[in-house]
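Q: Sending over a structure as structure tokens; questions will come in a sec.
The values are calculated or read from the model by the stated rules, or taken from the named source; none is laboratory data. The structure displayed is predicted, hence computed values, not measured ones. Counting neighbours? That spans all protein chains shown, and the Cβs are built from the backbone with ideal geometry, glycine included. Side chains included, ligands, DNA and RNA excluded: accessible areas come from the protein's heavy atoms. Shrake-Rupley method; radii C 1.70, N 1.55, O 1.52, S 1.80 Å.
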Amino acid sequence: QVQLVESGGGLVQPGGSLRLSCAASGSIVSIYAMGWYRQVPGKQRELVAVFTSSGSTNYADSVKGRFFMSRDNAKNTMYLQINSLKPEDTAVYYCYADHLTVIAGVHRRDDSWGQGTQVTVSS
């Protein structure tokens with residue numbers, strides 16, 4: 001099994017910053033893609049940023065220039081630095097990974113999601 005644990009959410013004023021973390025653990029052999037999504041009540045979950053399997057980093061147009069992803073492969077941890085926060089950034093932010101695991105000698109490719117961390121931007 002794979003676990004993704006997010007942290008770093010909270011309440012911040014417009015224009016402020018937060019740093020979200022996502023730590024992956026479990027029988028991971030390889031991570032093909034890893035990224036962040038967000039969701040507000042009544043709306044579909046939307047992609048925020050992703051490290052793709054080809055090695056590129058893609059951002060949603062609404063966050064380009066304000067959100068920045070990084071990763072520490074040794075720690076299987078990914079970060080999302082979010083700056084110049086706007087009220088419309090308020091959402092639950094979810095960590096996602098497309099990964100390969102090996103359990104009892106069996107390799108399996110699968111997706112995993114974290115439990116989400118709330119980001120609220122309000123004055």
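Q: Answer yes if at least one residue in the stretch 82-89 is part of a helix (DSSP H, G or I) and surrounded by 12 or more Cβ atoms within 10 Å (Cβ to Cβ), and no otherwise.
A: Quick first cut of the stretch 82-89, residues part of a helix (DSSP H, G or I) only: 87-89.
Those still in the list that are surrounded by 12 or more Cβ atoms within 10 Å (Cβ to Cβ) too: 89.
The answer is yes, given that some residue of the stretch 82-89 is part of a helix (DSSP H, G or I) and surrounded by 12 or more Cβ atoms within 10 Å (Cβ to Cβ).
Q: Are there any pairs with C-beta distances below 8 angstrom linking a residue in the stretch 1-12 that is closer than 13 Å to THR117 by Cα and touching a residue at least 24 places away in the same chain (Cβ under 8 Å) to a residue that is among the aromatic types (Phe, Trp, Tyr) and surrounded by 14 or more Cβ atoms within 10 Å (Cβ to Cβ), with the two at least 6 apart or on different chains, and if so which?
A: Hits for this filter: LEU4/TYR96; LEU4/TRP113; GLU6/TYR93; GLU6/TYR94; GLY9/TYR93.
Q: May I ask you to list the residues in the stretch 1-25 that are open to solvent by 50 Å² or more (accessible area, probe 1.4 Å) and more than 16 Å from SER84 (Cα to Cα)?
A: Keep residues of the stretch 1-25 that are open to solvent by 50 Å² or more (accessible area, probe 1.4 Å), which gives 1, 3, 5, 7, 11, 13-15, 17, 19, 25.
Hits for the stretch 1-25 are GLN1, GLN3, VAL5, SER7, SER25.
Q: So, in the stretch 50-78, how many residues would count as being outside any loop (DSSP other than H, G, I, E, B) and of a type outside the set (D, E, K, R)?
A: Taking the stretch 50-78 and keeping what is outside any loop (DSSP other than H, G, I, E, B), we get 50-51, 57-59, 67-75, 77-78.
Filter once more, so that each one left must be of a type outside the set (D, E, K, R): 50-51, 57-59, 67-70, 73-74, 77-78.
Count: 13.
Q: Do the conditions hold for VAL29, that is, is it part of a strand (DSSP E or B) and surrounded by 14 or more Cβ atoms within 10 Å (Cβ to Cβ)? Explain how you work it out, then say what you get.
A: Working: part of a strand (DSSP E or B): yes; surrounded by 14 or more Cβ atoms within 10 Å (Cβ to Cβ): no.
Judged against the criteria, VAL29 is not a match.
For (1) surrounded by 11 or more Cβ atoms within 10 Å (Cβ to Cβ); (2) modelled with pLDDT under 95; (3) closer than 16 Å to VAL5 by Cβ, each residue gets a yes or a no:
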position	(1), (2), (3)
MET34	yes, yes, yes
GLY55	no, yes, no
PHE67	yes, no, no
ASN76	yes, yes, yes
LEU80	yes, no, yes
ALA91	yes, no, no
THR101	yes, yes, no
ARG109	yes, yes, no
